[in-house]
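See below for the structure under consideration.
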Amino acid sequence: MSNEVDIPCPECGHENSQRVAWVKANDELPCEQCGSAIALEDEKHLLVIEQATHNITKLRRSLARFRNYTPGTTRKRR
Ligand SMILES: [Zn+2]
């Protein structure tokens, strides 16, 4: 997976696109606009939440599919 996140710089507001794996492996991100180091601790917490919600969304989708497909009820009885 090559998911990317936008990390806004607190100094200049520039949004730095960076890979999730990179953010997880590093503690600071140098802003590509102004060069100041952005602490990634808060971003990591957000990533965990984001991934958790993605999993929940997937789960809900599969549950919805399961509900739609209920053998027996769609059959026409004579
Ligand atoms: Zn900046």
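Only the coordinates and a few stated rules stand behind these numbers; no lab work does. Computed from a predicted structure; not experimentally measured. Please note: Cβ atoms are built from the backbone with ideal geometry, for glycine as well, and neighbour counts cover all protein chains shown.
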Rough spin-label spacing in nm, given labels placed 7 Å along Cα→Cβ, for E28 and N3: 2.7
Leading residue at positive end of dipole, segment 4-68 (Cβ point charges), from I38, F66, I49: F66
Helix-derived mean residue ellipticity, 222 nm - over the chain, DSSP H n ≥ 4, -39500 (n - 2.57), to 500: -14500 deg cm²/dmol
Shape category assigned to the chain from the gyration tensor of Cα positions, a/c cut at 1.5: prolate
Dipole moment magnitude, nearest 20 debye, segment 4-68 about Cα centre, only Lys, Arg, Asp, Glu C-beta charged: 920
Net charge, S17 excluded, C-beta distance under 13 Å - Lys, Arg +1, Asp, Glu -1: -4
Mean Cα-pair separation over length for segment 4-68, i.e. relative contact order, pairs under 8 Å, 6 or more apart, %: 21
